[in-house]
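For reference, the structure is listed below as structure tokens.
The values are calculated or read from the model by the stated rules, or taken from the named source; none is laboratory data. Computed from a predicted structure; not experimentally measured. Glycine gets a Cβ as well: all are built from the backbone with ideal geometry, and neighbour counts include every protein chain shown.
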Amino acid sequence: MKIEELNAIRDKMKNQVTLRAEDPDSTKVLVAMGTCGIAAGARDVLTAFADGVAENNIEKVMVSQTGCIGNCQLEPIVEILEKGKDKVTYVNMNADKAKEVIEKHLIGGQVVSEYTI
Amino acid sequence: MYRSHVLICGGTGCTSSGSAAIEKALVSEIEKNGLKEEVQVVKTGCFGLCALGPIMIVYPEGTFYSMVKVEDIPEIVEEHLLKGRVVTRLVYQETVTDNGIKSLQDTAFYKKQNRVALRNCGVINPENIDEYIGEGGYQALAKVLTEMSPDDVIQTILDSGLRGRGGGGFPTGMKWKLARNIVKDADQKYVCCNADEGDPGAFMDRSVLEGDPHVVLEAMAIAGYAIGATQGYIYVRAEYPIAVERLEIAIKQAREYGLLGNNIFGTDFSFDIGLRLGAGAFVCGEETALMTSIEGNRGEPRPRPPFPAEKGLFQKPTILNNVETYANIPQIILNGSDWFASMGTEKSKGTKVFALGGKIHNTGLVEVPMGTTLRTVIEEIGGGIPNGKKFKAAQTGGPSGGCIPAEHMDIPIDYDNLISIGSMMGSGGLIVMDEDNCMVDIAKFFLEFTVDESCGKCTPCRIGTKRMYEMLDKITRGQGTLEDIDKLEELCYYIKQNSLCGLGQTAPNPVLSTLRYFRDEYVAHVVDKKCPAGVCKHLLSFEIDPEKCKGCTLCSRVCPAGAISGAVKTPHVIDKDKCLKCGACIEKCKFGAISKK
């Protein structure tokens, strides 16, 4: 093994192991996964976010679930909590919209206001 | 891509409380709920909070489930992993607050800890080398092989102030320097790892081996480069089957990646490691006995000098370090000696892992900076003594160490302070004792262990410890005299000065330190014929208070010796000749009518 190969494994595994480091500064993407959310297709949204974050190597973002928020008719709902900023709530989400949010919001830093509440 | 990781402790503590069955149930339940592609189950090493096992942590939230049962798994998977609702009922209650669940790092147990040697334990899967590499593993080896000369490596370790974590506290860098320089023309040198952790109540090294085996391999390769050795041996006790298995897997994976073997990272440095299993003799933790055992001979110590740095394994220059010592090495190389030396006290740098056991809430593994007080370790991290009892003493260093009484609870723990109060760091076993522990009985327990484990090669240890045990036994039977206590003390010094190896030289320590701090207890056994803590059976007398006894007959029914008699609804009486002093009656009596004095 060469040192470059060692570094390649380290970088590949980085996403894996950083998932286990609790970083209070990281941005949280919370997908509402109550019965209503799941019925409306929240699972696809959740996997879209998880895969998208990994594919784009976005650091300091944690994708997790939360329970029913109360606006069941607007599910799937996704909340994005960024340190020092107001909470952003996206409604009526699907996998394609999720990809857009990843690109524009998580990477680009611009809230996709057409999908917000 | 997994969005969530479920970590299950696969250390010995949690395995014995059933974590393997939980892992199985979890995997099948996750599959049933169609989460196989999203949730990864990872078996890790010890998290440290062994008292709460089996332990499970769900990331990225960091939810800490404790004392998990197989029956709880469907609920956790459906509620938490599927719907994202934490099962609060099963969460470690200290993390539950009014505002939700707080991070584990903020609990009293973890807050004051500083994990260097244990940094990967409970974080990575020890059976997957990629996870170790993902945490920066083998980067230190790469650095020394490409950027540092062997002398640079030794100087870095010297500057860090790292001292041997096996108990002796010899400066590690000095050991390496001697092995590098003392014999100039050696055709072979060896790097050995002492993983023969034998102190009763100590399990620090086991947890490192089980939770992070690659760190030991990496550090040994670094040591090999520093002293000029190409072969290493890990001497691990066969009583640690999980550690042995994970070491075997780790060595295999490291060889496959070329991190052990010839021309590591394309340099001209080659190094390989072999495993040797110990057969359970305590004396084989002593360095010369350990090497004799690796050579295939009966594990007996031999006189020093010559020291191993000159003539060690197979008569070749050898270094022997303990597991925890090695676990610090890669971090020192990567972060620098100043980083390491910034932790700890003036003469004891870095951190120390302790295995907390005995009368304490949070039984488990803790790593704190050197210089932390015993009070912090016991009261804050350990959660104090259960059942509202009073702290009496803590035993450190196992059969070679001594006790620290309550009056010394506020001294900073480091090598030199512990020696000055008559104990020693030892490998890190910390057994907490409360008012119900008899100090003479504790000393007797350790002497019994030493008598069993003395290899028999030298007379002071073989016969001396036996005579000490007999005297202690006589005292706990109430047959001792004040003269016996003096003789016992004299014999202690004789054995210390004349034994061949560390086992005998330190065997009297438990007696000497209990005599130093609890002489009054010895005197009470001899003069008053009483055991103040109520432990030594021969000095106890069980009595029923006729005022309190309601004559329920329960005690006479549970007494295995038929020593209790009396008619229904009249006070019962214990026949002291028949009484075995087992205490079964006290446990059963609902009226608190039976006492032992």
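A few notes on this one:
- Close pairs from region A:98-117: first free of Cβ contacts under 8 Å to residues at least 12 places away in the same chain, partner surrounded by 14 or more Cβ atoms within 10 Å (Cβ to Cβ), Cβ under 6 Å, at least 6 apart: A:Lys104/A:Val112; A:Gln110/A:Lys104
- Looking only at region A:3-23, and only at residues there that are under 30 Å from A:Gly70 (Cβ atoms) and touching a residue at least 24 places away in the same chain (Cβ under 8 Å), the one that is farthest from the other protein chains (Cβ to nearest Cβ): A:Asp23
- Whichever residue in region B:136-156 is within 14 Å of chain A (Cβ to nearest Cβ) and charged (D, E, K, R) and, among such residues, is nearest to A:Met13 (Cα to Cα): B:Lys143
- Residue in region B:513-533 that is crowded, with 18+ Cβ neighbours inside 10 Å and touching a His at 6+ places or on another chain (Cβ under 7 Å) present: yes
- Matching entry among B:Glu248, B:Glu287, B:Glu256 (being acidic (Asp, Glu), more than 22 Å from B:Pro399 (Cα to Cα) and under 23 Å from the mean Cα position of the chain (by Cα)): B:Glu248
- Considered as a group, the residues in region B:548-561 that are surrounded by fewer than 18 Cβ atoms within 10 Å (Cβ to Cβ) and touching a residue at least 40 places away in the same chain (Cβ under 8 Å) include one that is farthest from the chain's Cα centre (by Cα), and that residue is B:Lys550.
- Pairs, first facing another protein chain (nearest Cβ under 8 Å) and under 16 Å from A:Thr89 (Cα atoms) in region A:33-46, second of a type in the set (D, E, K, R) and in a helix (DSSP H, G or I), C-beta under 9 Å, six or more apart: A:Met33/A:Arg43
- Taken together, B:Asn114, B:Asn120 contain a single residue that is closer than 29 Å to B:Lys347 by Cα, touching a Pro at 6+ places or on another chain (Cβ under 6 Å) and in contact (Cβ under 8 Å) with a residue 12 or more places away in the chain, which is B:Asn114.
- Out of B:Glu61, B:Glu78, B:Glu94, sole residue that is under 31 Å from the mean Cα position of the chain (by Cα), of a type in the set (Asp, Glu), in a helix (DSSP H, G or I) and not assigned by TED's automatic domain parsing to the domain that holds B:Arg246: B:Glu94
- Only one entry in B:Met204, B:Met220 is within 29 Å of B:Gly48 (Cβ to Cβ), at pLDDT below 95 and not polar (S, T, N, Q), namely B:Met204.
- B:Phe170 falls short on exactly one of the conditions (1) within 23 Å of B:Ala195 (Cβ to Cβ); (2) buried (at least 20 other Cβ atoms within 10 Å of the Cβ), and that condition is (2).
- Looking only at residues in region B:53-62 that are farther than 15 Å from A:Val17 by Cβ and modelled with pLDDT of 90 or more, the one that is nearest to the other protein chains (Cβ to nearest Cβ) is B:Val58.
- Checking every residue in region B:271-278 against the condition of being closer than 22 Å to B:Gly168 by Cβ and in contact with an Asp or Glu (Cβ under 7 Å, 6 or more places away or on another chain) gives at least one match.
- Top-ranked residue of region B:251-272 - restricted to ones that are closer than 17 Å to B:Tyr190 by Cβ and more than 11 Å from chain A (Cβ to nearest Cβ), ranked as surrounded by the fewest Cβ atoms within 10 Å (Cβ to Cβ): B:Ser270
- Flag if A:Ala95 is over 30 Å from B:Glu256 (Cβ atoms), buried (at least 19 other Cβ atoms within 10 Å of the Cβ) and more than 8 Å from chain B (Cβ to nearest Cβ): no
Here is a yes/no grid of residues against (1) away from every other protein chain (no Cβ under 14 Å); (2) surrounded by fewer than 20 Cβ atoms within 10 Å (Cβ to Cβ):
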residue: A:Glu59; (1), (2): no, yes
residue: A:Glu75; (1), (2): no, no
residue: A:Glu79; (1), (2): no, yes
residue: A:Asp86; (1), (2): yes, yes
residue: A:Thr116; (1), (2): yes, yes
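- Selection from region B:80-90 of residues that are within 13 Å of chain A (Cβ to nearest Cβ), over 17 Å from A:Gly41 (Cα atoms) and not aliphatic (A, V, I, L, M): B:His80, B:Arg85, B:Thr88
- Set side by side, the residues B:Lys111, B:Lys36, B:Lys102 differ, and just one is under 21 Å from the mean Cα position of the chain (by Cα), surrounded by fewer than 18 Cβ atoms within 10 Å (Cβ to Cβ) and within 14 Å of chain A (Cβ to nearest Cβ), which is B:Lys111.
- Selection within region B:585-597: residues that are over 20 Å from B:Pro532 (Cα atoms) and within 38 Å of the chain's Cα centre (by Cα). The member of this set that is surrounded by the fewest Cβ atoms within 10 Å (Cβ to Cβ) is B:Lys588.
- Flag for A:Thr27 being within 9 Å of chain B (Cβ to nearest Cβ) and buried (at least 17 other Cβ atoms within 10 Å of the Cβ): no
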